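Here's the structure, in C-alpha cells; my notes come after.
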Amino acid sequence: MKYSDEMKRLLFLTTLLLSLTICGQQITVRESGSGQPLSDVEVYNASQSKSVTSDVNGLCDLSVFDRSERITFRHLGYLTKSGTKENMLRRGSVILLTASPEQLNEVVISISKWEQQQKDIPQKITAISVEEILFNNPQTSADLLQQTGQVFIQKSQLGGGSPMIRGFATNRVLLSVDGVRMNNAIFRGGNLQNVISIDPLAVQRSEVIFGPGSVIYGSDAIGGVMNFITKQAQFSTTDSLAFSGNTLFRYGSANNENTVHLDLNLGHSQWAFLTSVTYNEFSDLKMGSHGPKSYLRNTFVTSENGTDELAINEDPKKQVPSGYNQLSLMQKISHRPAEDLQYDLGIHYSHTSEYSRYDRLVRPNGSGDGLRSAEWSYGPQKWLMGNLQLNKTAVDKFYNAYKITGAYQYFEESRIDRNFQDPGRFITREKVDAFSLGVDFVHQTIGALQLYYGSEYIHNKVTSLGSEQDSNTGTTIPAASRYPDGSTWQSAAAYVNGLYKASTSLSILSGLRYSHVWLNAEFEPTFYQFPFETANLNNGALTGSLGISWFPQPNLQITANAGTAFRSPNIDDVGKIFESEPGSVVVPNPDLQPEYAYNAELGIKKNFKDRFVMRAATFYTYLEDALVRRDFLFNGEEEIVYNGEPSNVQAIQNAARAYVYGLELGADAYLSDRISLSSHYTFTHGVEEDDAGVDTPARHAAPTFGDVHLIWSNQ
C-alpha cells in the first residue's frame, strides 16, 4: 500500500504525539536526600484496582491511571505519598520519597557482623549514612562521630579526637574498620587519637553501638563499639566496563584547612576496583572569643642558635603551633567468580605529619613566669591495614553463609618532648604488628531462630625504643623506652549469638563469648632496676548478653538489655613508663587482672502519626576491679628520678570500683514535607570508688551535652 506525503506526515505526527503522551506519563521515583532511584515502589489507585511498580531505575508508567484519579506511592521503610495523577505529573518527572521516621526496617551490621533489621535489635545503635557524611563534611572521623550529637569528643590538640561513650573512652571503647578491630596492645587509658587515621571520605557507613559489645568484639568493648564500614568496589551490572568517580575540595577558615579528595571505581561483572585518595592540610587553629583569658596563647617558644626564648604571639587566639597534614589512601579489589562466592581485598594507609600536643605546650613552669616545655609533640602517626575477606553463601546443615577474614595492621607512633632551655630531647618510638584471623557463620533455618557464631585469633607484637638527643649537637644516646621491647598480647575466642523471633512483635537476642588472653613482656634493667624481670598474664573471660525488642503497638517499641563485658590488661597497662603529669611518673605493674562490667539498659521509642518521633534510653554500668592509676611503691620508694626530675610514683592497679548511669533523649519533629527538627540530649554521671571507700568523679564521664538541628530539604 502506498501512502501520500500528507498521509505519511499525519502518521508521523500521530506516532510522535502518542510517544510524547506515553513519555509524558512516565515518572522516576527517587530517595529524598541521596537522589538514588527506588525500585519496587508500589503505585496504586484508591480502590487498588489498578497498580504499577517502579523498575530498577525507579521508572514507572502512570498511563494506566485516569488524569484526575488519586494515586499513592508506597515503599517499605518510606513515607507514603498521595495525590492526583495530574498533580503528580505537574510537579515534574521525579517523585521523592522520604525515609520513614521510625526507620524500623533499617539494616545494621555491627551487632552480629551480618545484616539484621534494626527493629529486632534491643541495643541502641546510631547509624551514619554516606549521604549524612557528605552533607556534614567532617574534617576527621572524630568530627564525624561528634556530629551525631550522641558521642562526646575530647581533643587535647587539633590532631586529636578521643570518643567518649556512656562514661567510657580510650581503651574501654572499641574501634573497628570493616569488622577488624583497631584496638591494639598499646591503646592507652589517656585520651588517644587513633580514630583520625580513618578517612571519613572513604566511609560508606558508620554504626555506633551504645553499651557492651564484648560478645562479638571481645576485650575493650565496655562503653561501646564504633564500626566504620568503608566504601566497596562496585561491580558492573552489564558485561561492559563501568567507570565512576567523585572529587571534592574543601576549605575551612577556622584552621585554614585545605582538603582534596578523589575516588575512582572501575567495575566489571566479576572484577571491581576502587581507589580513594585524600590529602588534608591544617594550619594553626584559631580559638573563639568567649573563653577564659587563661586559654589565650600570649607567648610561645622559639629556638635560635640553641637558645630558647619566649616570643610574643601577635594573635593570642591562634594556637601556635597546632597545624599538621595527613595523607589517606585506600585500595579495594573485589572478585566474584560465582554468584555465591566473593573475595574482597582492602588496603588502607594513613600518615600524619608531626603535630604538637597543645595542652602540654601551654603549661606554665614552676614559678609561673614562663612555659615548662619548649617542645612536646607526637611524631608521625602511621596506620596500615591489609584485609582479605572471603564471603560464601551455601545451603548447609550447619550454616547458610560464612565469611573468613584475615588482616594485618601496622601502627607507628612516637613522642618528642624537651623542657624549656634544656638541650635534652627525649624521644620514644612505638610500633605494633597486629595479626588477626576470624571466621563467622550465620544459620537462618532453625524455625524462628537465627544463629550467628564464630571464632577469632589476634596476635600483637610491640616494638618500643627510647633515645635522648642533644638538640645543640644532634648526638643521640639510648634512653628508656616507653614499653618493654618485643612484648606480645594474644587473644583467642569463640562466640555464639542467637536472634529468636517469638512473634512479629517480639524478638529476643542473646549471646555468649569465651575469650582467653595471653600477655608476655620482658623488662630491660639497663635504665631502671625493676623488682621483676617479666610479666606473664594468662586469663579467660566469659561474657554474655540478653535483650528483648517488643512492639506492644505498631508505633511503639520497648527495648530492654542486660550484658557483661571485660577488658584484659594490655601492654600499656602492665609495662609502660611515662610522665602522666608534671611531677608524677607511671611505672610497670605485672600483677593485674581483667576488669569486668555489668550493664543494664531500658529504651522506648514512640512514633506519633509519622509527625513526631520520641526516643529515650536509660542505662547503668557497674565496673569491677577497675584498672586505674594510683600511688605505688617502686623498689620500696614513693619517688624516683625520671627525665632528670624527682617524680611521684604511680601505677595502673585493680584498685577501684566504678559505676556510671545516664539518660539519653532524642526527638524528631516533621513540621512539613521539607522542614524538620532533630534533637539529642545526653546526661552521664560516673563515680570511681577506691578501696578506702573514697568517691571521685569518673575520668571519662562526659559533661551533659546535646544539640538541636533545624533541617530544610528539597530534592
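Summed over the residues of segment 182-255 and divided among them, the accessible surface reaches 31 Å² per residue at a probe radius of 1.4 Å.
For residue 637, the accessible area of its heavy atoms, probed at 1.4 Å with every protein chain present, is near 100 square angstrom. Averaging the sequence gap over all C-alpha pairs within less than 8 Å and six or more residues apart, then dividing by the number of residues, gives the chain a relative contact order of 9 percent. List the residues of segment 451-478 whose backbone N lies under 13 Å from a point placed 7 Å from the Cα of residue 527 along the Cα-to-Cβ direction. Answer for this model: 464-469, 477-478. For residue 81, a cut-off of 27 angstrom between C-alpha atoms picks up these lysines, skipping any fewer than 8 places away in its own chain: 50, 119, 605, 606, 609. Scanning residues 5 or more positions from residue 322 or on other chains, those with amide H under 5 Å from its amide H are 284, 285, with H placed 1.01 Å from N in the peptide plane.
Estimated at the nearest 10 Å², the accessible area of residue 596 is 50 Å² with a 1.4 Å probe. Surface composition of segment 336-482: carbon plus sulfur atoms contribute 57% of the solvent-accessible area (1.4 Å probe, protein chains only, all chains present).
Backbone geometry of segment 178-186 corresponds, through the Karplus equation with coefficients 6.51, -1.76 and 1.60 at θ = phi - 60°, to 3J(HN,Hα) couplings of 6, x, 9, 5, 8, 4, 10, 5, 10 Hz, x marking Gly and Pro.
Looking at the chain alone, DSSP beta bridges between its own residues are antiparallel in about 95 percent of cases. Distance from the C-alpha centroid of segment 399-445 to that of segment 136-172: 19 Å, rounded to the whole angstrom.
Rounded, prolate or oblate: which one fits segment 263-326, using the alpha carbon gyration tensor with axes a ≥ b ≥ c (rounded when a/c is under 1.5, else prolate when a/b beats b/c, else oblate)? Since a/c reaches 1.5 but b/c is at least a/b, the shape of segment 263-326 is classed as oblate.
Distance from the C-alpha centroid of segment 31-89 to that of segment 191-252: 34 Å, rounded to the whole angstrom. Each residue of segment 467-483 was assigned a 3J(HN,Hα) from its phi angle through the Karplus curve 6.51 cos²θ - 1.76 cosθ + 1.60 (θ = phi - 60°); the sequence is 8, 10, 10, 7, 5, 8, 9, x, 6, 10, 10, x, 9, 5, 7, 6, 10 Hz, with glycine and proline shown as x.
Magnitude of the charge dipole for segment 322-433, about its Cα centre and with charges confined to Cβ atoms of Lys, Arg (+1) and Asp, Glu (-1), is about 40 debye. Working note: Karplus 6.51/-1.76/1.60 with θ = phi - 60° gives segment 335-343 the couplings 10, 10, x, 8, 5, 9, 9, 8, 10 Hz, where Gly and Pro are set to x.
Surface composition of segment 134-183: carbon and sulfur atoms hold 51% of the protein heavy-atom accessible area at a 1.4 Å probe. Across segment 28-187, counting alpha-carbon atoms alone, Rg and Dmax equal 21.4, 69 Å. Between the alpha-carbon centres of segment 612-652 and segment 269-314 there is a gap of 30 Å.
According to the square roots a ≥ b ≥ c of the eigenvalues of the Cα gyration tensor, what is the shape class of segment 215-270, taking rounded for a/c under 1.5, prolate for a/b larger than b/c otherwise, and oblate for the remainder? Verdict is oblate for segment 215-270. Of the listed pairs 318/382; 155/317; 332/403; 113/431, which have alpha-carbon separations greater than 19 Å here? Where the Cα-Cα span goes over 19 Å, the pairs concerned are 318/382; 113/431. Averaged over its residues, segment 505-611 has an accessible area of 43 Å² per residue, based on protein heavy atoms and a 1.4 Å probe. Across the alpha-carbon set of segment 656-698, the Rg to Rh ratio works out to 1.41, Rh being the Kirkwood radius. Annotation: amide H-H contacts under 5 Å for residue 84 (H modelled 1.01 Å from N, sequence separation of 5 or more, or interchain): 71. Helix 5-24 and the long axis of the chain differ in direction by around 40°, with both axes built from C-alpha atoms. Would you mind classifying segment 514-621 by shape? Square roots of the alpha carbon gyration tensor eigenvalues, ordered a ≥ b ≥ c; an a/c under 1.5 is rounded, otherwise it is prolate if a/b is larger than b/c and oblate if not. Because a/c hits 1.5 or more and a/b exceeds b/c, segment 514-621 counts as prolate.
Let me check something: with ligands and nucleic acids excluded, how do 641, 462 order by accessible area (1.4 Å probe), largest to smallest?
Listed by decreasing accessible area, they come as 641, 462.
Under the √(5λ) rule applied to the eigenvalues of the Cα gyration tensor, what semi-axes describe the equivalent ellipsoid of the chain? Give them in Å, descending. Taking √(5λ) for each Cα gyration eigenvalue gives 52, 30, 25 Å. Look at the dipole of the chain built from charges on Cβ: of 243, 60, 562, the Cα furthest out on the positive end belongs to 60. Of the peptides 166-173, 238-245, the ranking by mean beta-carbon count within 10 Å, highest at the top, reads 166-173, 238-245. As a rough guide to protection, the peptides 184-194, 490-500, 562-572 ranked by mean Cβ packing within 10 Å, highest first, stand as 562-572, 184-194, 490-500.
Relative contact order of segment 275-368, please, whole-number percent, based on alpha carbon pairs below 8 angstrom and at least 6 residues apart.
29 percent
Report the normalised scattering of segment 425-566 as log10 I(q)/I(0) at q = 0.20 Å⁻¹, calculated by the Debye formula with identical scatterers on the alpha carbons. Log10 of I(q)/I(0), two decimals: -1.17. Given H placed on each backbone N at 1.01 Å, which residues far from residue 401 in sequence or on other chains put an amide H within less than 5 Å of it? Under 5 Å from the amide H of residue 401 lie the amide H atoms of 394, 442, each far enough along the sequence or on another chain.
The values are calculated or read from the model by the stated rules, or taken from the named source; none is laboratory data. Nothing here was measured: the structure is a model prediction, and the numbers come from that model. Positions of Cβ are backbone-derived with ideal geometry, glycine not excepted, and every protein chain shown enters the neighbour counts. Only protein heavy atoms, including side chains, enter the accessible area calculation; ligands, DNA and RNA are left aside. Shrake-Rupley method; radii C 1.70, N 1.55, O 1.52, S 1.80 Å.
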